[in-house]
Structures are given as C-alpha cells and as structure tokens.
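Colleague: Structure incoming, see below.
Just so it is clear, none of the values below were taken in a lab; they were calculated from the coordinates. Computed from a predicted model, the values in this text were never measured in an experiment. Every residue, glycine among them, receives a Cβ derived from its backbone with ideal geometry; neighbour counts consider all protein chains shown.
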Amino acid sequence: MSFPIHRPRRLRRSPALREMVRETTLAPSDFIYPLFVVEGRDIRRPIGSMPGVFNLSLEHAVAEAKQAKALGVPAVLLFGIPDHKDAQGSQAYAREGIVQRAVREIKNAIPDMLVIVDVCLCEYTDHGHCGVIEGGHVANDATLPLLAQMAVTCAQAGADVIAPSDMMDGRVAAIRSALDEVKLTEVPILSYAAKYASGFYGPFREAAQSTPQFGDRRTHQMDPGNVREALKEVDLDLEEGADMIMVKPALSYLDVIHRVRERVDVPVVAYNVSAEYSMVKAAAQNGWIDGDRLMLEILTSIKRAGSDLIITYHSLEAAKLLG
Ligand code: PBG
C-alpha cells in the first residue's frame, strides 16, 4: 500500500488550523462606506434596488457615519445629491453645497472619521453627465476647472481625501494644482484611475439620481475588454500626482486589480459597486444563496486579488460579522 506524500488536507482539518494558515483575511479597517446625502431634514429614503442603502439627510448621514466608526470602519465616501441641478453642476462646487455641508457636519461630529468625497459632476448636472456638454459631447477641458473647484471647496470644508471619478483626461493634475494653489498641499488624491463603462452601476444611478438623459459614458469610461489601457490610466494618474489608485468595478475586474497591484507601490482600492451588491441581496432575498457567506467570499476575493481597501455598501454588515 502506498500513501500520498503530500496531503494538503492536513492543514484543513479544523477551523483553528484553517484560520492559522489563511492567507487573506478581512477586517473592518479594510472598508470604506459610501453614503448618499440629500437635502432636507429627517430623510432616510430606501433605494429600491439596493436593500439596506438609503438617501440620507445630514443628521442621518452623521448617525450612519457614527455607526460605521463604532464598528471599526475608518472612512466614508460621500455622494451629494442636490435639490437643484443645472447644466453646469453648480451645486458640486458651491461652498454651501450639500456635499460640502455633509463633510463639515461629519467632521464636526466625528473628527477622526476619514471623509472622502467623490468628485464628479454627474449627480449635480440636470443632464446627468460627468462634465459640461458642448456640441452634444462631454467637454473634457471645460470640465477640469469645475472638478478642481469642487475638490477645493470639499477640501476646504474638511475632506480628508479627494476621489475624482469623472474620467476626464488630466483631472488629477488639474485638481492637484488647484489644491496646492490654496495651500491644501497635504490633501491626498485617490483617483478612480481604471474606471470602466459598466452595467454594474445601474442601481447607483437610482441612488444618486444620475442617469444620463442622453447618450452614455463610453467616451470617457473604459471599455470592459481592456486591461493594458487600465495600466496606462494608472501610470498617467500617478504621474499627475495621484496618491492612491482605484479599480472599479471590482468583481468582474479582479484581473485588473491584480495587474495594478503588481505594477504600483501605492495603496490600491477597489470599488465593490452597486450591482455587485444588489445581485447578492436579490439572490439572498429569494433564498437562492447564503447572502452573508457570499458577501464575505466576494470581499475576500477582492482583497486576495490585491486591493488594500474596498469601497463597499456591505461595510456595516461585514464589519458586524467580522466583529
Ligand atoms: C460617478 C460615480 C458613479 C459611481 C461612483 N461614482 C456612477 C457612474 O460612473 O455612472 C458608481 C458606483 C456604484 O455603482 O456603486 N460619480
């Protein structure tokens, strides 16, 4: 009788052994929690396609951020949804805009909660595009100063990190120099460097009321078939001064996360986007999957692929489970 020499099963025999040799572990400190802030008072409006996610007025956003902090989640990512939208997205860079006020209130209430602001015009424009429109197209260079102004007003309100998600060319450099001009040299930029034109953002657009009124985002967001182009975007953003790099979406782009991780030495962040969340919730509600188990497996896979941090709507429930 001959016996196998190698028995990988030996290290799988008990939960304690498995835990001891586990290569990738999750912790609440891995997560960044997105919040959708709206004007008005006492609003906690559920997003139909994202069970457990809400449009929140300021005091509810502060309460939610407090809960995140108490669970060990270090940061929130803010999206502002103004009552008044116009062609220029003027509420994006208004000193008293909804997102600027949210930054101030959260930093006042919880000074050590990190506040990251998503910088893009799509939640603020009446046409739902990420920049200003000229001749029926999103105009790159005319959009840059507006994004820079949004970054400056948010940083002046106390934002800890600026996260441009618009995918205009040259926006990291434009934001960096605008921040530096007003002596905000210490405010870091987390760039959505490799952001794909993805169907996985559908539920977000319900939450942020930012569906484009015509056309789509394929002239600025990346084609899902490309990975070399993602590396080029990452290189350009780092050259322009980005401090951290994001890949988005996460689940269908684990190879991109992995390639970016191998290439750069800055923190890599992945965005576990809205439809990735909604699919888990919908299947769990139908009793087709074990929602908690899939959630943790998905988050583990994103980290295993190479991301240091994960932006996820699951932040609170995952942090609770990881305790
Ligand atoms: C743009 C932005 C979007 C998301 C994050 N920032 C929408 C888009 O690009 O259309 C999507 C996030 C998600 O789906 O969870 N401000």
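Colleague: Students often check this: by mean Cβ neighbours within 10 Å, which of 133-141, 146-154, 52-60 ranks highest, and how do the rest follow?
Modeller: The most tightly packed comes first, giving 146-154, 52-60, 133-141.
Colleague: Please list, by residue number, every one of the chymotrypsin sites (Phe, Trp or Tyr not before Pro) in region 263-294 that is coil in DSSP and has at most 11 other beta-carbon atoms within 10 Å.
Modeller: When the chymotrypsin sites (Phe, Trp or Tyr not before Pro) of region 263-294 are filtered for loop state and at most 11 Cβ neighbours within 10 Å, Trp288 remain.
Colleague: Sticking with this structure for a sec: Where does the charge balance sit around Gln91 when Lys and Arg score +1, Asp and Glu -1, over other residues with C-beta under 12 Å from its C-beta? If you can, show how the numbers build up before the last one.
Modeller: Values: positive: Lys85, Arg95, Arg101; negative: Glu39, Asp83, Asp86, Glu96, Glu123, Asp126.
Net charge around Gln91: -3.
Colleague: What do you get for trypsin sites (Lys or Arg not before Pro) in region 214-297 restricted to DSSP loop and a cutoff of at most 16 other Cβ within 10 Å of the site's Cβ?
Modeller: Hits after loop and neighbour filter: Arg218.
Colleague: Residues with beta-carbon under 13 Å from that of Ala61, excluding Ala61: net charge, scoring Lys, Arg +1 and Asp, Glu -1?
Modeller: +3
Colleague: Still on this structure: Work out, step by step, the length gained on full extension between Met279 and Asn108: first 0.36 nm times the residue separation, then minus their alpha carbon distance; give nm to one decimal.
Modeller: Here the segment from Met279 to Asn108 would lengthen by 58.0 nm.
Colleague: Rounded to the nearest Å, what's the spacing between the alpha carbon centres of region 1-57 and region 98-143? Just the number, please.
Modeller: Cα centroid to Cα centroid, the span is 28 Å.
Colleague: Pairing the Cα long axis of helix 171-181 with the longest principal axis of the chain, what angle in degrees results, from 0 to 90 and rounded to the nearest 10?
Modeller: 60 degrees
Colleague: For labels at Glu19 and Val182 in the simple 7 Å Cα→Cβ model, what's the distance in nm?
Modeller: Label-label distance for Glu19 and Val182, simple model: 4.8 nm.
Colleague: Suppose a student asked you for the relative contact order of region 24-322, using Cα pairs under 8 Å spaced at least 6 residues apart; what percent would you report?
Modeller: With pairs under 8 Å counted, the relative contact order is 19 percent.
Colleague: Here is a follow-up. Please work out the FRET efficiency for the pair Leu294 and Lys66, using the Cβ-Cβ distance as r and a Förster radius of 25 Å; give the result to the nearest 0.05.
Modeller: 0.35
Colleague: To the nearest 10 degrees, how steep is helix 58-70 against the longest Cα principal axis of the chain, on a 0 to 90 scale?
Modeller: Tilt of helix 58-70: around 30 degrees.
Colleague: Work out the FRET efficiency for Ala87 and Leu321 from their Cβ-Cβ distance, taking R0 = 51 Å, and round it to the nearest 0.05.
Modeller: Efficiency for this residue pair is about 0.70.
Colleague: Which whole-Hz ³J(HN,Hα) couplings does region 253-258 yield from phi under the Karplus relation 6.51 cos²θ - 1.76 cosθ + 1.60, θ = phi - 60°, glycine and proline marked x?
Modeller: 10, 5, 5, 5, 4, 4
Colleague: Which value in deg cm²/dmol, rounded to the nearest 500, describes the helix-derived mean residue ellipticity at 222 nm for the chain, given -39,500 (n - 2.57) per DSSP H run of n ≥ 4 and division by the residue count?
Modeller: About -11500 deg cm²/dmol.
Colleague: While we're on this one: Can you tell me the alpha carbon radius of gyration of region 69-116 divided by the globular rule-of-thumb value 2.2 N^0.38 Å?
Modeller: Rounded to two decimals, the normalised Rg is 1.31.
Colleague: Let me ask something else about it. Hey, can you rank 156-162, 35-41, 8-14 by average C-beta count inside 10 Å, highest first?
Modeller: Peptide ranking by packing, descending: 156-162, 35-41, 8-14.
Colleague: Okay, next question. In straight Cα distance, which lysines are under 22 Å from Lys107, not counting same-chain residues fewer than 8 positions off?
Modeller: In chain and number order, the partners are Lys66, Lys69, Lys183.
Colleague: Quick check: from the Cα gyration tensor, does region 24-322 come out rounded (a/c under 1.5), prolate or oblate?
Modeller: rounded
Colleague: Moving on to the next point. Net charge within 15 Å of Ser278 by Cβ-Cβ distance, Lys/Arg positive one each and Asp/Glu negative one each, not counting Ser278 itself?
Modeller: Once positives and negatives cancel, what remains is -1.
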